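Asker: I have a structure I would like to understand better, so I am pasting it below and will then ask my questions one at a time.
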């Protein structure tokens, strides 16, 4: 039996085109609009476009479709380029911009006017909507549709010269106002926007629409396969109309695939921007956000995101993917790659009465299943911290139910001694503030003497040699599987427990050297990484990347 994986429909198309010698080299592109940060849906498109180019020995361009200066910013350009690099991809040549081709787009608009295929329309936006018709009714011709070529050239030059206010007129293609495809009903090619552009400055006050720029950018760059999501399928006839009616240097073809939809997630840029602007989250790279930068800051490995995109596959059928698949990919990757460490989130002091003081170094593997990752040293001291929830005075709890420290019984400290809880010290209010314990000698790395039966194994850190840190427990941002479905207000579905901040956690001393981007498994707690935004040497901040198990499984 062959181990070769079946090809998806795009791989089949590219394979056949190369076999038929339709193309000698595959050239794809990833064309984001720089009006926000990229999200997990874009990650699928990045992996697809760059991945196909790699697989077939071709090239992929990173091109910014920067035709709308009112919503775009250099910040987004820089962030998007960083996201693509982080995912492990390299684009062909320099970064491309639609704005680099503005002069040629203008010349091609003139070409359409001269051919009688475009005209300047002075309908107001409201009038234009009324003339456009509906899905059931054809549109009506604009009263300006039959202007002469000379008049249209003059009017278009006035638009470029800034003689008209925004909204006063547009340049439209002359196609078919009765077309059943509304996109073909004399679509807008240029509109007036008296705004500076992040690449071209104040050179232009008219800007091409995405529909007019898209195919022509592809043609200029020699794109062979223009891969879009399904919502652009109805735009393909227009894409092809421009290619056929303009003197473009090549003839790319558009193909569509199903975009990534995740449950418990919102990927609308408008809604993500609202979360940022209204301070529901701490910026575009908040670890609760489904943005690539948010996932990076949270500690998701790029390899896990790529693996997830591979797992969900590429089809033409729209569907919603369980976000648990993404979390599984992250958890599976980190289980293999993350160094181990110990961190006590809610410290309870334990004093070992029969430890003679000083520091004894306990040797532990960096990873229990990968000796090549080496060993780490844990300082064992007279005073330790354990998790408050790892101790109880309730001796009635069965061993099966509570495998931690019980008053009068034994437990093993991870990689160290077996200890017995001898006394619980309480404050005036009756709160336990300290455990007095005794260790069983000669039990480091050895079985206990007969008659001593520890309940289980718990983690710990030295109370006098540790890293005082803040730990941020991140979870899913929404507690509704479909937060923006129908007429729901997605803000009502925000999970109030999506971030819990623990300000006084105690981590093992080795984490003083932790670096952003390196994930650790805090034993028995989950996977964590140093926060790239708020951490300092004086007070490290660790973000929970993901728990050790899926606590949402029953809700999905």
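Read the figures in this text as sums done on the coordinates, not as results from a lab. From a predicted model like this one, the values you see are computed outputs, not experimental measurements. Positions of Cβ are generated from backbone atoms using ideal geometry, with glycine treated the same way; all protein chains shown enter the neighbour counts.
Asker: Would you mind putting 204-211, 124-131 in packing order, based on average other-beta-carbon counts within 10 Å, highest first? The partial results should precede the final answer.
Answerer: On the way: 204-211: 20.9, 124-131: 12.6.
Averaged packing, sorted descending, gives the order 204-211, 124-131.
Asker: Just one of (1) 209; (2) 133; (3) 164 is volume of the Cα convex hull per residue in Å³ calculated from these coordinates, so which is it?
Answerer: So the structure-derived entry is (1).
Asker: Follow-up. For the chain, find the longest principal axis of its Cα atoms and tell me its angle to the long axis of helix 210-221, 0 to 90°, nearest 10.
Answerer: 90
Asker: May I ask for the angle, rounded to the nearest 10°, between helix 149-161 and the longest principal axis of the chain, with both axes built from Cα atoms and the value confined to 0 to 90°?
Answerer: 40
Asker: Taking R0 as 30 Å, what FRET efficiency do you get between residue 124 and residue 234 from their Cβ-Cβ distance, rounded to the nearest 0.05?
Answerer: Values: r = 25 Å, r/R0 = 0.85.
Result of the calculation: an efficiency of 0.75.
Asker: Mind giving me the FRET efficiency for residue 250 and residue 488? R0 is 41 Å, r the Cβ-Cβ distance, nearest 0.05 is fine.
Answerer: On the way: r = 45 Å, r/R0 = 1.09.
Once rounded, the FRET efficiency stands at 0.35.
Asker: Please tell me the relative contact order of segment 9-259 in percent, rounded to the nearest whole number, where contacts are Cα pairs under 8 Å and at least six residues apart.
Answerer: Details: 407 pairs, mean separation 44.8, N = 251.
Relative contact order, segment 9-259: 18 percent.
Asker: Nearest 10 degrees is fine. How inclined is helix 40-55 to the longest principal axis of the chain, computing both from alpha carbons?
Answerer: 80
Asker: Further question on the same structure: Subtracting the Cα-Cα distance from 0.36 nm times the residue separation, let me have the gained length for residue 370 to residue 551 in nm, one decimal. List each step's numbers first, then the result.
Answerer: Details: separation 181, 0.36 × 181 = 65.16 nm, distance 2.72 nm.
That works out to 62.4 nm of additional length.
Asker: Suppose we keep just the DSSP beta bridges with both residues in segment 343-459; what percent of those would be antiparallel, to 5?
Answerer: For segment 343-459, the DSSP antiparallel bridge percentage is about 70.
Asker: Percent relative contact order of the chain, based on C-alpha pairs within less than 8 angstrom and at least six residues apart? Before the final figure, lay out each step's value.
Answerer: Details: 1078 pairs, mean separation 63.5, N = 556.
Value for the chain: 11 percent.
Asker: Nearest 500 deg cm²/dmol is fine: what mean residue ellipticity at 222 nm does the chain get from its DSSP H runs of n ≥ 4 alone, each adding -39,500 (n - 2.57), divided by its residue count? Mind dumping the intermediate values first?
Answerer: Numbers: 12 runs with 138 residues, N = 556.
Here the helix-only value at 222 nm equals -7500 deg cm²/dmol.
Asker: Still on this structure: Going highest first, how would you order 243-249, 459-465 by mean Cβ packing within 10 Å?
Answerer: Top of the packing list down: 459-465, 243-249.
Asker: Just the number, please: percent antiparallel of the DSSP beta bridges in the chain, rounded to the nearest 5. Please report the intermediate quantities before stating the final value.
Answerer: On the way: 56 of 83 bridges.
Approximately 65 percent, going by the DSSP bridge assignments.
Asker: Under the rule a/c < 1.5 gives rounded, and otherwise a/b versus b/c splits prolate from oblate, where does segment 343-459 land using the Cα gyration tensor?
Answerer: Working: a/c = 1.64, a/b = 1.46, b/c = 1.12.
Here segment 343-459 falls in the prolate category.
Asker: Looking only at segment 9-259, where both bridge partners belong to it, what percent of the DSSP beta bridges are antiparallel (to the nearest 5)?
Answerer: Details: 11 of 22 bridges.
Roughly 50 percent of the DSSP beta bridges within segment 9-259 come out antiparallel.
Asker: For the peptides 359-371, 293-305, 514-526, what is the packing order when you average, over each peptide's residues, the other Cβ atoms within 10 Å and list the highest mean first?
Answerer: On the way: 359-371: 13.8, 293-305: 23.4, 514-526: 18.8.
In descending order of packing, they fall as 293-305, 514-526, 359-371.
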